Amino acid sequence: MTNSFEDFPKAKMFFIIGSNTTEAHPVAATFLKQAVQDGAQMIVVDPRYSGIAEHAQMHVPIKVGSDVAFINGLMHVLISEELYDKDYVQSCTVGFDSLKEKVLEWPPERAAEVAGVPAETIVAVARKLASVKPAMLIYTLGITEHTCGVNNVLSCANLQMLLGNVGFECGGVNPLRGQNNVQGACDMGALPNVYPGYQKVIDEAARKKFEEAWGAELSPNNGLMMPAMMDGLVDGTVKAFYVFGENLANTEPDIRHVEHCLESAEFMVCNDIFPTETTRFADVILPATAWSEDDGTFTNSERRVSRVRKAVEAPGVSKPNWWVFKEIAKRMGHDWEANSGQEIWDNEISVLAPQMVGIKFERIENDGLQWPVPDLDHPGTPYLHKEGCFTCGLGNFTPVEWTPPAEVPDEEYPLVLSTGRRLYHYHTRTQTGRCAGLNDLLGEETADISLADAAKLGISDGERVKVSSRRGEVEVRARVTKQVQEGMVWMAFHFREGCANWLTNPVYDPVSQTAEYKACSVKVEKLA
Amino acid sequence: MSQIKINGREVPFEPGQTILEAAKAAGITIPTLCHLPQTQASGVCRVCVVEVAGSDRLLPSCETPAAEGMEVKTDSPRVREARKGILEMLLASGQHNCLVMDLPPEKWTSFQIETMSRPWHDQICPAHGDCRLQDLAVEYGVTVAAQEPPSGEFPLDDEHPMIVRDFSRCIQCGRCVAACNEVQVNRAIPAPWGPRKDQDPDQGWYPLVDYDNCTHCGECVQACPVGALFEKKAYGLAYANDVEKVRTTCPYCGVGCQLWLHVKDGKIVKVTGVENGSPNKGRLCVKGRFGYDFIFSDERLTTPLIKQADGSFAEASWDEALDLVANRFMEIKQKHGPDALAGVSCARSINEDSYQMQKLFRAVIGTNNIDHCART
């Protein structure tokens with residue numbers, strides 16, 4: 001997030017796109033709902049009439065995968081009606097002319113056709129958005145989990161820069177990160193192209209810095225992203241696979257394909273706290289300490305590094321993951337000094353990652369600090385690109401063209417399946433499935449379908465149905481709901497049986513390699 | 001800046017502030033029961049009454065705006081007497097058997113037997129040691145000796161998996177209503193201050209839940225100042241004074257809510273939100289509040305496991321398992337080069353773990369083949 005959760009109660013306008021906030025980020029949603037209750041405006045753009053949409057003054061049910069067209073349509077209105085922030089565009093950005101050229105190809109009528117909402121709605125949304133400054137744009141995986149995910153994100157940035165909303169309190173482009181420490185795992189360099197603190201592995205100076213710090217020669221080449229690793233397992237270029245705390249066999253698209261990949265590993269190691277569908281494929285399983293059994297830090301969506309504390313002892317001989325990696329390194333000839341979460345953070349991470357220099361454990365005993373924190377007296381950074389002064393100099397407009405999802409409905413598979421998370425469980429339920437009460441609140445997967453499709457197919461609420469795609473099929477109960485629009489099916493991936501990932505399409509954004517979990521084609525059949 | 005005088009002391013206030021807020025900012029404590037920060041004052045409990053010069057009546061400080069030159073007494077004998085009366089009434093309105101020893105012996109036994117025979121009353125009240133009513137009763141020397149202990153039926157809602165609503169201890173303060181409607185904005189507890197068609201007026205207007213809107217977040221439980229609302233999972237496990245509270249960060253979504261883990265004998269018995277902590281300001285959701293006990297599951301991995309020729313897993317020592325991993329890694333690296341190894345880190349675990357894993361791949365194995373689920 002460029003901005004902070006603290007902005008939510010103060011903001012006057014929210015533009016929320018592709019975010020199931022009340023279920024995926026429930027506490028963040030409370031601040032949004034409260035702001036609306038206190039008079040803020042909210043526009044929710046989502047194919048589903050989600051929980052957060054119920055609180056919005058405007059819900060715009062665009063078609064799955066039409067985000068770029070819709071936003072180009074909005075920008076068309078902003079530019080042609082001269083509603084955009086000309087001063088901001090002139091002084092803080094570059095590339096306006098090429099953006100203008102592109103979006104002028106997208107009059108509201110054309111955008112309306114792709115997005116499946118009236119052109120007047122697009123005009124109304126654009127005018128409403130431009131009427132309140134600043135506005136906060138909030139998105140989640142509804143934007144990123146497409147083959148055009150990167151273009152979707154660029155569209156969000158284009159829109160907010162055009163409105164002059166980046167660099168101010170209560171503005172910005174705000175992705176709500178999915179998992180508790182997905183921001184942190186990125187910050188730590190668990191990515192194939194950057195070291196901790198986003199220092200590029202192909203940059204010689206950065207490489208030298210880390211070679212010196214770690215006393216080792218480092219590879220100058222970008223590594224493989226996860227989908228390429230999985231393919232490498234099958235074609236034999238990747239022999240050994242180390243999976244730490246991920247249940248890939250349920251979370252990745254097209255489970256049959258994923259399991260084939262995992263099966264192909266010559267040697268596979270897992271660190272985990274439970275046996276999972278993924279650890280079945282391991283040659284060695286190492287038992288790890290869990291949350292509340294070890295000391296360290298998580299970094300949340302707003303870049304806040306907060307303490308995580310040990311409160312209880314781990315079972316059996318389980319060990320901290322950092323210790324496991326240290327012990328393997330030792331056996332491979334490398335002695336690492338740091339011997340606790342605090343020593344790793346204070347002596348290595350906050351020394352090597354420039355954003356973290358001012359963060360030490362003693363400074364985050366209570367509330368955490370939001371990076372960048374360049375020195376020990378710095379109070380942290382609640383919002384980035386202050387006053388439109390972008391970290392990179394000027395804000396770059398990148399015109400983008402709309403592309404449809406890789407798989408679109410046809411006669412055989414006439415419905416669009418979109419996937420997401422539900423309130424009462426988290427991911428593959430390795431954790432929430434073992435918490436008393438949560439299975440009582442949600443005990444099985446459902447296929448959420450519209451009233452119109454239910455009537456067409458003769459399916460009533462709660463009836464068992466078969467949902468199939470080109471990759472697989474599941475049998476689940478139908479949940480007939482006004483949340484879902486006609487032509488759409490919505491499912492989650494919490495339960496192995498009925499997991500949406502038996503159906504999802506393993507196609508990826510060409511840049512980010514994010515899978516298209518939000519769109520594939522399925523059919524729904526009533527079970528006799 | 002405008003000033004009021006509280007207990008003879010000049011205290012500044014901002015226009016729009018109530019007497020309670022001005023006092024609080026100046027470090028002067030006024031007791032409250034129904035007041036819930038971040039919400040509109042309901043002003044129903046009257047425990048926060050103060051004496052204001054020029055007013056015949058005592059005024060509730062939570063909804064009386066501070067005004068220039070106002071003279072306020074927060075702890076005068078008259079105020080204390082009034083509060084005592086209110087507390088006596090509240091205690092007598094429910095089955096608050098924590099103060100039962102005050103009763104004369106002939107009433108004590110029957111009241112205690114009757115109370116303990118009710119569901120969820122076989123243990124001491126779940127709020128014991130962390131109850132605003134109990135604290136104030138002790139502070140104000142309230143006794144129930146002269147009271148007729150309440151009898152009769154109270155609504156009880158314990159059919160849902162997480163929360164018990166035991167209205168025999170409800171003081172009708174309305175904090176659960178405010179927490180649900182104004183803080184979480186779930187609108188699942190309609191205000192009971194008026195006839196509701198789904199409630200029997202003979203049973204009193206207790207704040208019952210509309211489960212179509214309830215998200216089981218437990219904000220109402222956290223807001224309850226007494227033992228009327230409590231967590232089923234924590235029932236009878238520990239009381240406020242025998243737990244250690246450990247602050248940590250929630251393990252679920254990317255909001256990073258701050259939690260208090262209530263720990264007793266090496267077990268987490270309850271989780272509450274850190275009031276005023278950033279970013280959640282005390283708020284939690286159903287997973288943050290109730291999703292802690294997976295760590296105590298019998299299914300935890302407790303020892304290293306090595307796959308055997310027949311596909312089964314055999315228990316191993318750390319040395320055996322780590323030697324095997326390191327040797328196989330070195331073998332594969334030697335034979336196929338470092339890029340034949342790849343790793344996926346964990347977006348659930350701590351930063352320090354991800355740092356160590358990427359360091360292992362980069363500095364020891366010699367490849368940048370390290371990723372995690374950020375992209376999927």
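None of the figures in this text is laboratory data; all of them are computed from the coordinates on show. If you're wondering where the values come from, they're calculated on a predicted model, not measured in any experiment. Note that each Cβ is placed from the backbone with ideal geometry, even for glycine, and that neighbours are counted across all protein chains shown.
General observations
- Excluding same-chain neighbours fewer than eight residues apart, the lysines reachable from B:Lys333 by a Cα-Cα span under 25 Å are A:Lys200, A:Lys208, A:Lys209, A:Lys239, A:Lys326, A:Lys330, B:Lys307, B:Lys359.
- The fraction of Cα-Cα pairs per 20 angstrom bin, counted from 0 for the protein assembly as shown, comes to 13, 43, 34, 10, 0 percent, rounded to whole percents.
- Taking label points 7 Å from Cα along the Cα-to-Cβ direction, A:Thr403 and B:Ser2 give a separation of 6.2 nm.
- Test item: A:245-258 mean partner chain Cβ contacts at 10 Å: 2
- Neighbour-count order for B:Cys257, B:Cys224, fewest beta carbons within 10 angstrom listed first: B:Cys224, B:Cys257
- Count, lysine Cα pairs under 29 Å in the stretch B:101-296, 8 or more residues apart or across chains: 24
- Stretch gain in nm, segment A:Asp235-A:Ala452, where the contour uses 0.36 nm per residue and the Cα spacing is subtracted: 73.6 nm
- The stretch B:279-376: GluC sites (Glu not before Pro) in DSSP coil with no more than 13 other Cβ atoms inside 10 Å: B:Glu299
- Spatial separation of Cα centroids for the stretch A:119-147 and the stretch A:10-85, in angstrom: 6 Å
- Separation between Cα centres of the stretch A:465-504 and the stretch A:436-462, rounded to whole Å: 9 Å
- The mean count of C-beta atoms from other chains within 10 Å of the C-beta of residues in A:332-340, rounded to a whole number, is 3.
- For the stretch B:91-116 versus the stretch A:316-339, the inter-centroid distance based on Cα atoms is 59 Å.
- Estimated FRET transfer efficiency (A:Glu81, A:Cys389; beta-carbon r; R0 22 Å; 0.05): 0.20
- Counts of other chain beta carbons within 10 angstrom of each beta carbon in peptide B:150-162 average 1.
- Each residue, A:Leu376 and B:Val246, gets one label point 7 Å from its Cα in the Cβ direction; the gap between the two is 2.8 nm.
- The Cβ shell under 14 Å around B:Gln308 holds other residues with a net charge of -2, Lys and Arg each +1, Asp and Glu each -1.
- Put a plus charge on the Cβ of each Lys and Arg, a minus charge on the Cβ of each Asp and Glu, and nothing anywhere else: the dipole of the protein assembly as shown about its Cα centre is then about 880 debye.
- Candidate lysines for bridging to B:Lys5, where Cα separation is under 18 Å - those fewer than 8 sequence places away on the same chain excluded: B:Lys24, B:Lys73
- Residue-averaged 222 nm ellipticity for chain A, from DSSP H runs of 4+ at -39500 (n - 2.57), nearest 500: -8000 deg cm²/dmol
- A cut-off under 15 angstrom between Cβ atoms defines the neighbours of A:Leu104, and their net charge, with Lys, Arg +1 and Asp, Glu -1, is -4.
- Rounded FRET efficiency, nearest 0.05, which uses the C-beta distance separating B:Ala53 from A:Glu169 and R0 of 45 Å: 0.60
- Sequence-distant residues sharing a close amide H with B:Thr18 (under 5 Å, placed H): B:Ala66
- Calculated FRET efficiency, A:Lys128 to A:Asp97, Cβ-Cβ distance, R0 = 25 Å: about 0.40 to the nearest 0.05.
- Here the protein assembly as shown carries DSSP beta bridges of which approximately 55% are antiparallel, counting only pairs with both residues inside.
- Candidate lysines - alpha carbon under 16 Å from A:Lys100, same-chain residues fewer than 8 apart omitted: A:Lys86
- Pairwise Lys count, the stretch A:383-528 - Cα closer than 23 Å, eight or more residues apart or different chains: 11
- Cβ crowding within 10 Å, taken as a proxy for footprinting-reagent exposure, orders A:Leu99, A:Leu503 from fewest neighbours to most as A:Leu99, A:Leu503.
- Amide H contacts for A:Asn271 (H built 1.01 Å from N in the peptide plane; partners 5 or more residues away or on another chain; cut-off under 5 Å): A:Val243, A:Phe244, A:Gly245, A:Leu286.
- Radius 9 Å from Cβ of A:Asn151, net charge of other residues (Lys, Arg +1; Asp, Glu -1): -3
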